[in-house]
1. Suppose we flag chymotrypsin sites (Phe, Trp or Tyr not before Pro) only when DSSP calls them loop and at most 11 other Cβ atoms lie within 10 Å. Which is the longest uninterrupted stretch of the chain?
2. How big is the equivalent ellipsoid of the chain along its three axes, where each semi-axis is √(5λ) from the Cα gyration tensor, reported in whole Å from largest to smallest?
3. Set Lys and Arg Cβ to +1 and Asp and Glu Cβ to -1, take the dipole of the chain about its Cα centre, and tell me which of 88, 50, 27 lies farthest positive.
4. Can you give me the span-like helices of the chain, meaning DSSP H runs with 18 Å or more of Cα extent along the axis and Kyte-Doolittle mean at or above 0.0?
5. Using label points projected 7 Å from each Cα along Cα→Cβ, tell me how many nm separate residue 49 and residue 85, to one decimal.
6. Under a point spin-label approximation (7 Å from Cα along Cα-to-Cβ), what is the residue 29-residue 95 distance to one decimal in nm?
7. For a label point 7 angstrom out from the Cα of residue 7 toward its Cβ, which stretches of region 24-62 have the backbone nitrogen within less than 18 Å?
8. Could you grab the relative contact order for the chain? Cα pairs under 8 Å, six or more apart, rounded to a whole percent.
Amino acid sequence: MQWKAYRYYDLIMVFFVMVLLLSNVLSSAKIVDWGFSLFGLPLAFDAGTLLFPISYIFGDILTEVYGYRRSRRVIWTGFVCLVLTSAIFWIVKILPG
């Protein structure tokens, strides 16, 4: 099977992984309070909650344009990057000050 070169595949993969990493880091970094409530529920979110839905857009683009095989590869790449990020944060946490 011949491997077809795509023009924007690498760029979309980088943005997908970046959004995953940033949404996980930002989910513990800051709470965004919009200052009003909707039907009695205050609109306060962690910043990662606001960013994470963008990863679904990238996932849809990857699947529709590049197919399931390449989409799975990007998702696994994102997962591995998340695991490595968690391991690095854990190592930094246990290092002495």
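1. In the chain, the maximal stretch lacking such sites is 40-97.
2. Each semi-axis is √(5λ); the values are 30, 22, 9 Å.
3. About the Cα centre, the residue reaching furthest to the positive side is 88.
4. Within the chain the helices that satisfy the rule are 9-26, 68-94.
5. Going from the residue 49 label point to the residue 85 one covers 1.9 nm.
6. A separation of 1.8 nm, rounded to one decimal place.
7. Under cut-off, by backbone N: 61-62.
8. Contact order relative to length: 29 percent.
Here, each number is a calculation from the coordinates, and none is a lab measurement. Everything numeric in this text was worked out from a predicted model, so none of it was measured. A quick note on method: Cβ atoms are made from the backbone with ideal geometry, for glycine too, and the neighbour counts reach across all protein chains shown.
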